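Student: Just passing along the structure, written as structure tokens.
The values are calculated or read from the model by the stated rules, or taken from the named source; none is laboratory data. Everything numeric in this text was worked out from a predicted model, so none of it was measured. Cβ placement follows ideal geometry from the backbone for every residue including glycine, while neighbour counts extend to all protein chains displayed. Note: areas computed on protein heavy atoms with side chains; ligands, DNA, RNA excluded. Shrake-Rupley method; radii C 1.70, N 1.55, O 1.52, S 1.80 Å.
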Amino acid sequence: MIDISIIWSEILNIITKKTSTVSYEMWFMKLQPYSINNGVLILISPLKNVKEILYTNDYKNILPESIKELNNPNINDYLIIMPDEVSKLNTIEIKKDYKEEENIYNNNLNKNYTFDNFVVGESNRIAKAAAFAVAENPGKEYNPLFIYGGVGLGKTHIINAIGNKIIENNSNIKIIYASTEQFVNDYIDSIRNNKNNDQSFKFREKYRNADILMLDDVQFLRGRDSSQEAVFHTINDLYLLKKQIILTSDRHPSELTFLEDRLRSRFQQGLNVSISSPDFETRVAIIQKKSFEKSFVFSKDIINFLAENITSNIREIEGALSKVIFYCKMNNKESADDLLLVKEALREELGGSNNIISLDTITDAVCSYFNVSKEAIKGNKKNKNIVRPRQIAVYLINEELAVPLISIGAYFGGRDHTTIIYARDKISEELKSDNLLKKQVNDIKNLIHRN
Ligand code: ADP
Ligand code: MG
């Protein structure tokens, strides 16, 4: 007969050598040995958090190592269960189900955001240099590192790049990357569930045991007073432990006027760097890099056109590239070299006005002016009262929009582009002498632009 309590006290003895007195008393001593099932030592945990902690990275190897060291042929594994799980012991589902505890660190980083694929230009050179320095030497020089700038300029990219680089150098480091929203939600959950103390315990453990804390978009702390408090304490604790803190925001910390003073001054303490809108050269470099990544060729003219016209931010540039590629593929083009097609693809982006004119708006105006149905105008009817409006619509579309003739033909029920050319030229020729036509065309233009 094996005496389980003797075995457990032997294991505890080994554990004392492997961990601090505090951890030993707080966690391991709380466990009660229950039984040995097929070589598995079953331990009962009085509290959920004891069980969870013992399965986290910091502790999960201590029990297996101690069991190994014990070298008792009757025991080769262990399982920690809650008292209410005893009844399930003989069912399979309980078997080691907590072994695969989710890793609460390092798991939110976006692996696709690296320094390698971050294009550097005047607008972000300093931010990139600071970020790189922090990634090489976390917690040493610039703490906190505060990166600020407008939307879509690469803040999230760059801080993920820092995280990925740090892990590359040291895979054991514990990084928390969280959007401010996630942080706030985590925090709120922790208070809401405070009754059993589990959640709030987990929250503190998670954030205060991190080696690196990254909070993205701290401007969203606006109006979150109690969360600001939590952020302050979390940051303060980590700061005092010389852990690296990295923050981003859409504005300089001094302009985060809705923050508590002490939090704002904490943010300003380290290094504040900005990212601004990319200049022309950088936009060209970004378009080249992204089109290369997407394996789609853009002609030099198109690259320049895009760099000249899509200027606000990098997210918008990415969106524009995807749209252009989509349009090219839809038109069976293997590269982006047709300016008209690009303009069509980016009509909304380039328009700048909220009253976007499309094939439909023009056709609708023509139809309502001549009181014909859209179906008829796009269909095959050849009677004069349909043909005329159709030709006028073609003419106007050609004049108002940069749409390829082929696309216009497709829109009008799959007509050949020569038919489209014919209609267009006929109207523009007649306009020279036909005053009624002139008036009609003008009226319809007014309809189109009336807003
Ligand atoms: P922010 O967080 O500042 O709003 P993001 O980091 O989300 O902006 O960037 C928007 C998009 O632009 C992302 O897909 C990102 O990869 C890309 N991006 C931003 N800056 C660069 C850069 N310098 N080089 C390459 N891609 C970039
Ligand atoms: Mg962002």
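Student: How many of the residues in segment 202-219 are more than 25 Å from the chain's Cα centre (by Cα) and of a type in the set (D, E)?
Tutor: Total satisfying the criteria: 1.
Residues checked against (1) part of a helix (DSSP H, G or I); (2) more than 13 Å from L109 (Cα to Cα); (3) open to solvent by 30 Å² or more (accessible area, probe 1.4 Å); (4) away from ligand 1 (no atom under 13 Å from the Cβ):
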position: P138; (1), (2), (3), (4): no, yes, yes, yes
position: E141; (1), (2), (3), (4): no, yes, yes, yes
position: I158; (1), (2), (3), (4): yes, no, no, no
position: N164; (1), (2), (3), (4): yes, no, no, no
position: E168; (1), (2), (3), (4): yes, no, yes, yes
position: N172; (1), (2), (3), (4): no, yes, yes, yes
position: I176; (1), (2), (3), (4): no, no, no, yes
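Student: Within the bounds of segment 316-328, is there any residue that is in contact with an Asp or Glu (Cβ under 6 Å, 6 or more places away or on another chain) and assigned to a helix (DSSP H, G or I)?
Tutor: Among the residues of segment 316-328, at least one is in contact with an Asp or Glu (Cβ under 6 Å, 6 or more places away or on another chain) and assigned to a helix (DSSP H, G or I), which makes the answer yes.
Student: Right, another one. Going residue by residue through segment 420-428, is there one that turns out to be free of Cβ contacts under 8 Å to residues at least 12 places away in the same chain and either surrounded by fewer than 16 Cβ atoms within 10 Å (Cβ to Cβ) or outside any helix (DSSP H, G or I) (or both)?
Tutor: Yes; the residues of segment 420-428 include at least one that is free of Cβ contacts under 8 Å to residues at least 12 places away in the same chain and either surrounded by fewer than 16 Cβ atoms within 10 Å (Cβ to Cβ) or outside any helix (DSSP H, G or I) (or both).
Student: Among the listed residues E399, E348, E334, identify the single one that is under 20 Å from E429 (Cα atoms), within 42 Å of the chain's Cα centre (by Cα) and free of Cβ contacts under 8 Å to residues at least 40 places away in the same chain.
Tutor: Step by step, each of E399, E348, E334 is checked, and only E399 is under 20 Å from E429 (Cα atoms), within 42 Å of the chain's Cα centre (by Cα) and free of Cβ contacts under 8 Å to residues at least 40 places away in the same chain.
Student: Take the residues of segment 363-406 that are modelled with pLDDT under 90 and either in contact with a strand residue (DSSP E or B) (Cβ under 9 Å, 6 or more places away or on another chain) or among the small types (G, A, S) (or both): which is least open to solvent (accessible area, probe 1.4 Å)?
Tutor: The extreme case among them is A402.
Student: Can you tell me which condition N304 does not meet? The list is (1) assigned to a helix (DSSP H, G or I); (2) among the polar types (S, T, N, Q); (3) under 21 Å from N236 (Cβ atoms), and all the others hold.
Tutor: (3)
Student: Would you confirm, using the coordinates I've provided, whether I80 is open to solvent by 20 Å² or more (accessible area, probe 1.4 Å), at pLDDT 90 or above and of a type outside the set (S, T, N, Q)?
Tutor: no
Student: Tell me whether segment 245-254 contains one or more residues that are in contact (Cβ under 8 Å) with a residue 24 or more places away in the chain, of a type in the set (G, A, S) and open to solvent by 10 Å² or more (accessible area, probe 1.4 Å).
Tutor: no
Student: Pull out all pairs, ordered by first then second residue, where Cβ-Cβ is under 7 Å, the residues are six or more apart or on different chains, the first lies in segment 1-30 and is under 17 Å from S45 (Cβ atoms) and hydroxyl-bearing (S, T, Y), and the second is open to solvent by less than 30 Å² (accessible area, probe 1.4 Å) and assigned to a helix (DSSP H, G or I).
Tutor: T19/I62; Y24/I15
Student: Quick check: anything in segment 220-242 under 23 Å from the mean Cα position of the chain (by Cα), within 16 Å of ligand 1 (Cβ to nearest atom) and surrounded by fewer than 16 Cβ atoms within 10 Å (Cβ to Cβ)?
Tutor: no
Student: Filter segment 21-43 for residues that are in a loop (DSSP other than H, G, I, E, B) and within 14 Å of L54 (Cβ to Cβ) and give the result.
Tutor: Passing the criteria: W27, L31.
Student: Does segment 196-213 contain at least one residue that is in a helix (DSSP H, G or I) and open to solvent by less than 10 Å² (accessible area, probe 1.4 Å)?
Tutor: yes
Student: Could you figure out which of (1) open to solvent by less than 60 Å² (accessible area, probe 1.4 Å); (2) closer than 30 Å to L437 by Cβ; (3) small (G, A, S) isn't true of S322?
Tutor: Result: S322 passes all but (2).
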